[in-house]
Amino acid sequence: MKLVAGLGNPGRKYEGTRHNAGYMVLAELARRGSAPPAKSAFQGETSEVKINGERTLLLWPHTFMNRSGTSVLAARDFYKITNEEMLVVCDDLHLPLGSLRIRAQGSAGGQKGLADVTRVLGTEVVSRLRVGIGEAPAGWDPADYVLGKFTRQDLAMIEDVIVRAAEAVETW
């Protein structure tokens, strides 16, 4: 079994925000895989799909972005999944809007949810797919920017990048 954790913040208040790009990618994977309704587990929600014939657990942590590691660790340990069989999907404000970056390991690069996952797991050897949301405009607080919703102009690009990110997960 593989584990794909999409990072974000739970609740209607955060739906459609830049910080929930990881949740959006998992929603697309669930749609593509005709996933059953998500169940509450591991301080989040889970659903199982087959991706390229392989059982894959989709995990939406509900511990809020900066505490995502607790949920990821609980799911990993319960299913005895190795770190090499895990992928974390998150937003990245240092990548241009609409770009993707996938790596097998590395630093969190300022992404606090990813930083918490690597801290709790005790290793930076965790695959990650970063979804570019673009830099905060001059004069904006980065926290306000990532917690803000995509602009109408950005929506078409985001819908496209979410599809491409789901395809990247399927390839991974």
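The values are calculated or read from the model by the stated rules, or taken from the named source; none is laboratory data. Note that the structure is a prediction, hence the values are computed from the model and not measured. Every residue, glycine among them, receives a Cβ derived from its backbone with ideal geometry; neighbour counts consider all protein chains shown. Calculation scope for accessible area: heavy atoms of the full protein, side chains included, ligands and nucleic acids excluded. Shrake-Rupley method; radii C 1.70, N 1.55, O 1.52, S 1.80 Å.
Points to keep in mind about this one:
- Selection of first residues in the stretch 44-56 that are more than 17 Å from Thr82 (Cβ to Cβ) and of second residues that are β-branched (Val, Ile, Thr) and modelled with pLDDT of 95 or more, restricted to Cβ pairs under 6 Å at least 6 apart or on distinct chains, gives the following pairs, ordered by first then second residue: Val49/Thr56.
- Matching residues in the stretch 134-171 - criterion: being among the aromatic types (Phe, Trp, Tyr) and under 18 Å from Tyr23 (Cβ atoms): Tyr145, Phe150
- Among (1) closer than 22 Å to Val72 by Cα; (2) assigned to a helix (DSSP H, G or I); (3) open to solvent by less than 30 Å² (accessible area, probe 1.4 Å), the one test that Glu84 misses: (3)
- Restricting attention to the stretch 128-165, the residues that are within 17 Å of the chain's Cα centre (by Cα) and of a type in the set (Asp, Glu) total 2.
So that you can scan it fast, the table gives a plain yes or no per residue for (1) in contact with a strand residue (DSSP E or B) (Cβ under 7 Å, 6 or more places away or on another chain); (2) buried (at least 21 other Cβ atoms within 10 Å of the Cβ); (3) in a loop (DSSP other than H, G, I, E, B); (4) at negative phi:
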site	(1), (2), (3), (4)
Ala35	yes, no, yes, yes
Ser40	no, no, no, yes
Ser47	yes, no, no, yes
Ser71	yes, yes, no, yes
Asp77	no, no, no, yes
Ala108	no, no, yes, yes
